Amino acid sequence: MQRLTGDALQQAYREGQRQFPRRDLTAIHLFQAGLREIDLQGSCLAQAYLPYGNFTLANLTGVNFTEAQLGASNFYGANLTEARCPQADFSRADLQTANLQGCDLRGANLSGADLRQADLTAANLEGCTLVGARLEGAILHDASLKRCNLFRAVGADLTGARCDPTTILPTGYNYGR
């Protein structure tokens with residue numbers, strides 16, 4: 001995996017390059033990074049600091065976002081299939097229509113995130129915080145929500161999701177399960 005600095009990534013992006021598969025971007029710091037439609041498939045962005053970034057329509061398939069700071073970033077329509085995001089901070093992030101199928105979000109912070117129409121099929125959300133998240137139209141089929149906190153989450157349809165007694169359900173859901 002080729003190492004790439006944040007400055008080098010931004011410079012190449014400004015010059016029109018969009019393909020950066022399998023790059024090592026561990027712990028990069030890019031505040032308000034504008035990386036719309038970038039292809040970072042299979043890259044490592046573990047412990048990256050990328051708040052307020054724009055990843056609209058990006059290909060982030062299989063990306064490693066372990067412990068990354070992605071708060072208030074825009075992932076509208078992005079492909080995060082099979083991405084590894086344990087302990088990542090997606091608080092207030094826009095993940096509308098994003099593909100998160102099979103994504104590992106164990107222990108991630110998705111408080112206040114907008115997940116309307118997102119596909120979370122078979123995603124692992126164990127121990128995840130979704131307090132105040134918007135989930136209208138989100139697909140949660142076969143998603144694991146054990147130890148997940150959905151307090152004040154809006155529009156959640158948990159049909160087909162895997163909850164257990166440790167799941168804190170949204171207001172209005174029956175705790176009798």
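The values are calculated or read from the model by the stated rules, or taken from the named source; none is laboratory data. Keep in mind it's a predicted model, so treat the numbers as computed, not measured. FYI the Cβ positions are ideal-geometry reconstructions off the backbone, even for glycines, and counts take in every protein chain you see. Please note that ligands, DNA and RNA were not included when accessible areas were found on the heavy atoms of the full protein model with its side chains. Shrake-Rupley method; radii C 1.70, N 1.55, O 1.52, S 1.80 Å.
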Could you identify the single residue in D142, D119 that is open to solvent by less than 50 Å² (accessible area, probe 1.4 Å), charged (D, E, K, R) and either without any contact (Cβ under 8 Å) to a residue 60 or more places away in the chain or closer than 22 Å to A27 by Cα (or both)? D119
Evaluate segment 38-58: report whether one residue or more is of a type in the set (D, E, K, R), over 19 Å from Q10 (Cα atoms) and modelled with pLDDT of 95 or more. no
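When you check A98 against the structure, is it in contact with a Ser or Thr (Cβ under 9 Å, 6 or more places away or on another chain) and aliphatic (A, V, I, L, M), yes or no?
For A98, the condition - in contact with a Ser or Thr (Cβ under 9 Å, 6 or more places away or on another chain) and aliphatic (A, V, I, L, M) - is not met.
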From the list A133, A156, exactly one residue is surrounded by 19 or more Cβ atoms within 10 Å (Cβ to Cβ), of a type in the set (G, A, S), modelled with pLDDT under 95 and more than 11 Å from the chain's Cα centre (by Cα). Which is it? A156
Quick check on Y76: is it farther than 17 Å from V131 by Cβ, touching an Asp or Glu at 6+ places or on another chain (Cβ under 8 Å) and part of a loop (DSSP other than H, G, I, E, B)? yes
In segment 24-83, residue surrounded by the fewest Cβ atoms within 10 Å (Cβ to Cβ) [restricted to those that are touching a Phe, Trp or Tyr at 6+ places or on another chain (Cβ under 7 Å) and of a type in the set (S, T, N, Q)]: Q32
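With the requirement that a residue be under 22 Å from T121 (Cβ atoms) and assigned to a loop (DSSP other than H, G, I, E, B), what does segment 50-67 give you?
Hits for segment 50-67 are F55, T56, L57, A58, L60, T61, G62, V63, F65, T66.
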Report yes if A27 is at negative phi and aliphatic (A, V, I, L, M), otherwise no. no
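Can you tell which of Q96, Q47, Q17, Q101 is in contact (Cβ under 8 Å) with a residue 12 or more places away in the chain, of a type in the set (S, T, N, Q), more than 24 Å from I139 (Cβ to Cβ) and in a loop (DSSP other than H, G, I, E, B)?
Just a single option satisfies the conditions, and that option is Q47.
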Right, G172: open to solvent by 40 Å² or more (accessible area, probe 1.4 Å), on the phi > 0 side of the Ramachandran plot and at pLDDT below 95 or not? yes
